[in-house]
């Protein structure tokens, strides 16, 4: 396997900077998720790693080798795209081994690799079918198999699950993570879905306006957001940001209770503007004079829209951001 190292990587078109001085290390054998809103530069960063775009400045290292000027075919990578990119007139088997045939790998080796990979992704019974005869999840497995069979040390994935329904996305998240760990692949995974990033990745890299806002383990981004942007992006619902003088107080919905609470509690009063029953919990939205506050309550709730409530939380559970959005405690 191989680590991926980006050093001061910049990419721009016609004066518009898509990736701005990005430096990042993807350790060997880890899954790193590039997360962020549309237009933040995550897909462009992936394309720079793949060699599908050439940087204005900076370097891309894969396995200790400078590949900045090399074409994709020489970078020892495989890719899985959002649109499965399968040939409709070829069988599943032919789609999987297509790259090997192009590289003139001997037939005996192709057949051996195909059997092994088909078992790994549970496609052995479908090898003679055409892509049109498969479900969305099965087609995604074909795309995965094509990446795995290449036996490259680095796999790049560009929003591979966005075309699937919610249940299939969950199943494929589990499968991709299990495969990555089983095969020891170094994987860079682009997504706008924080659930994918938080549940799959060893490291989440949250991007904004072409730069890295924060990078770290999922739990670190959730519990210790470095900026108010991270706080407002990570979490469903996101961290509440409550104005206090020139600063913002950050408090997670699950850390807020109802009523006066202890004497030293922080309190806010407001009217209930929505109640969302989620099954395991209920999300109550409270409109206060300063802001809107989301509160996560366990199970069902008798609270109704229009109720006037007092919310409280411990000062030790909150964090504080300055006017520039930087965390200060």
Using alpha-carbon coordinates, inclination of helix 166-183 to the longest axis of the chain, degrees: 60
Nearest-0.05 FRET efficiency for residue 23 and residue 85, computed from C-beta distance (R0 35 Å): 0.70
Semi-axis lengths (Å, descending) of the ellipsoid that matches the C-alpha gyration tensor of the chain: 44, 25, 15
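With a/c under 1.5 counting as rounded, go ahead and sort region 147-208 into rounded, prolate or oblate using the C-alpha gyration tensor (a ≥ b ≥ c being the square roots of the eigenvalues; past the cut-off, prolate if a/b is larger than b/c, else oblate).
oblate
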Exposure proxy order (Cβ contacts within 10 Å, fewest to most) of 309, 70: 70, 309
Most fluctuating residue given options 85, 280, 311, as computed from a GNM of the chain linking Cα atoms under 10 Å: 280
Sites residue 163 and residue 290 - FRET efficiency at Förster radius 41 Å, r taken between beta-carbons, to 0.05: 0.50
By average C-beta atoms within 10 angstrom, highest first, the peptides 121-133, 18-30: 18-30, 121-133
Distance between region 146-217 and region 56-84 - C-alpha centres, whole angstrom: 17
Cα long-axis angle, helix 136-149 against the chain (0 to 90 degrees, to the nearest 10): 60
R0 of 30 Å, Cβ-Cβ distance residue 209-residue 265: FRET efficiency to nearest 0.05: 0.25
Residue-span extension gain [residue 98 to residue 14] - 0.36 nm each, minus C-alpha spacing: 26.6 nm
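By its C-alpha gyration tensor, with a ≥ b ≥ c as the square roots of the eigenvalues, how is region 241-321 shaped: rounded for a/c under 1.5, else prolate for a/b larger than b/c, else oblate?
Prolate shape, in that a/c is at least 1.5 and a/b is the bigger ratio.
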Cβ-based exposure ranking for 13, 313, in which fewest neighbours within 10 Å come first: 13, 313
Helix axis angle, 107-120 relative to the chain longest principal axis, alpha carbon, degrees: 20
Burial order of peptide ranges 219-225, 87-93 (average beta-carbon count within 10 Å, highest first): 219-225, 87-93
Relative exposure of 107, 296, judged by other C-beta atoms within 10 Å (fewest first): 107, 296
Mean ellipticity per residue at 222 nm, deg cm²/dmol - from DSSP H runs of n ≥ 4 across the chain, formula -39500 (n - 2.57): -7500 deg cm²/dmol
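The numbers here are math on the coordinates, done by the rules we state, and not lab data. Remember, it's a predicted structure, so these values are computed and weren't measured experimentally. Note that each Cβ is placed from the backbone with ideal geometry, even for glycine, and that neighbours are counted across all protein chains shown.
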